[in-house]
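Here's the structure, in structure tokens; my notes come after.
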Amino acid sequence: MWQKLRNLYFSISTYHDLSPDLQLRRQVNQSLRSRDRLSLETWFRNYWQGSAAHPQAICLDLIRFVYIHLQDYSGLETGRLRPSDRLVEDLQFPSVCWFDWSIALCDDFCATFGIDISDTFDETQLQTLEDLVNCLHQFLSFKQSISSS
């Protein structure tokens with residue numbers, strides 16, 4: 001019985017450390033309000049469909065995945081995010097997301113695309129949203145190149 005109470009106490013005491021900072025999340029969302037909130041299709045067309053910055057177009061399925069899931073993990077409106085937004089400095093990802101957002105991303109990526117990236121994905125190596133999208137795109141491209149061989 002004491003062990004259960006002790007576990008409950010530790011669960012409650014660590015919950016705050018592992019949960020998102022909702023005040024900071026509101027501040028980041030507030031700072032993004034000056035930007036237009038783009039629909040998925042417009043966000044894809046404007047930033048990921050192939051341009052000088054992205055000569056190799058990112059597939060719509062991946063952008064849909066990012067658009068939906070990043071908002072789930074962070075509480076930030078993905079349609080207001082831009083590729084150059086820095087994940088830590090601008091978007092405050094370590095603070096506005098649940099502590100395990102990268103694990104959830106790996107699980108969701110595997111469920112959606114059938115690719116387990118959990119052993120190789122390292123969010124600490126990513127600086128910007130564009131880096132994150134390009135990283136995920138590389139995982140998809142690698143699977144496609146293996147499948148076509």
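The values are calculated or read from the model by the stated rules, or taken from the named source; none is laboratory data. Only a predicted model underlies this, so the values are computations on that prediction, with no experimental measurement involved. Cβ placement follows ideal geometry from the backbone for every residue including glycine, while neighbour counts extend to all protein chains displayed. Only protein heavy atoms, including side chains, enter the accessible area calculation; ligands, DNA and RNA are left aside. Shrake-Rupley method; radii C 1.70, N 1.55, O 1.52, S 1.80 Å.
Couple of notes before you dig in:
- Largest-first ordering by accessible area, 1.4 Å probe, given options Glu123, Glu41, Glu77: Glu41, Glu123, Glu77
- The stretch between Arg37 and Asp108, if pulled fully straight at 0.36 nm per residue, gains 23.1 nm over its current Cα-Cα span.
- Share of carbon and sulfur in the accessible area of segment 21-85 stands at 46%, probe radius 1.4 Å.
- Net charge over other residues, Cβ less than 12 angstrom from the Cβ of Gln30 (K, R count +1; D, E count -1): +4
- Per residue accessible area in Å² of segment 46-108, where ligands, DNA and RNA are left out and the probe is 1.4 Å: 45
- The smallest convex shape that holds all Cα atoms of segment 21-137, its convex hull, gives 97 Å³ per residue.
- Segment Gln138..Val88, full-extension length gain: 15.8 nm, with 0.36 nm per residue of separation and the alpha-carbon distance subtracted.
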